[in-house]
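Worksheet for the structure shown next.
The values are calculated or read from the model by the stated rules, or taken from the named source; none is laboratory data. Please read all numbers here as calculations on a predicted model, not as lab measurements. Here the Cβ positions follow ideal geometry from the backbone for every residue, glycine too, while neighbour counts run over all protein chains shown.
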């Protein structure tokens, strides 16, 4: 019967239509906020692995997966959620755990006020074309 949940051959719960069933509150331990550290994990916040972060000391496989994705390079919260196939709210809570444990650092993209002016960029492009 399609759509019914039952144990799969590997011992995990599985739904034939939806795939493995793990509720978000189970992954985060019922938490909905990333923690008391005051960092906002908006979709464009950039996450990178902190030097010396050791895998294998994390609370769950989802934490390990996020850390593994960050090891490939700095990624945004939105990219991590998509690549880990987890809801953004869950990723924010898990990133809070990783930040609190010192495994990752969170940065902001360059604000628009600090980007070079369009005139300067055009002059650089024209200069390169002239070469």
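Here are some notes:
- Residue in the range 30-43 that is within 11 Å of the chain's Cα centre (by Cα), surrounded by 15 or more Cβ atoms within 10 Å (Cβ to Cβ) and modelled with pLDDT under 85 present: yes
- Condition broken by residue 84, with the remaining ones in (1) surrounded by 12 or more Cβ atoms within 10 Å (Cβ to Cβ); (2) at pLDDT below 70 satisfied: (2)
- Residues in the range 67-81 that are crowded, with 16+ Cβ neighbours inside 10 Å and in contact with a strand residue (DSSP E or B) (Cβ under 8 Å, 6 or more places away or on another chain): 67, 69, 70, 75, 76, 77, 80.
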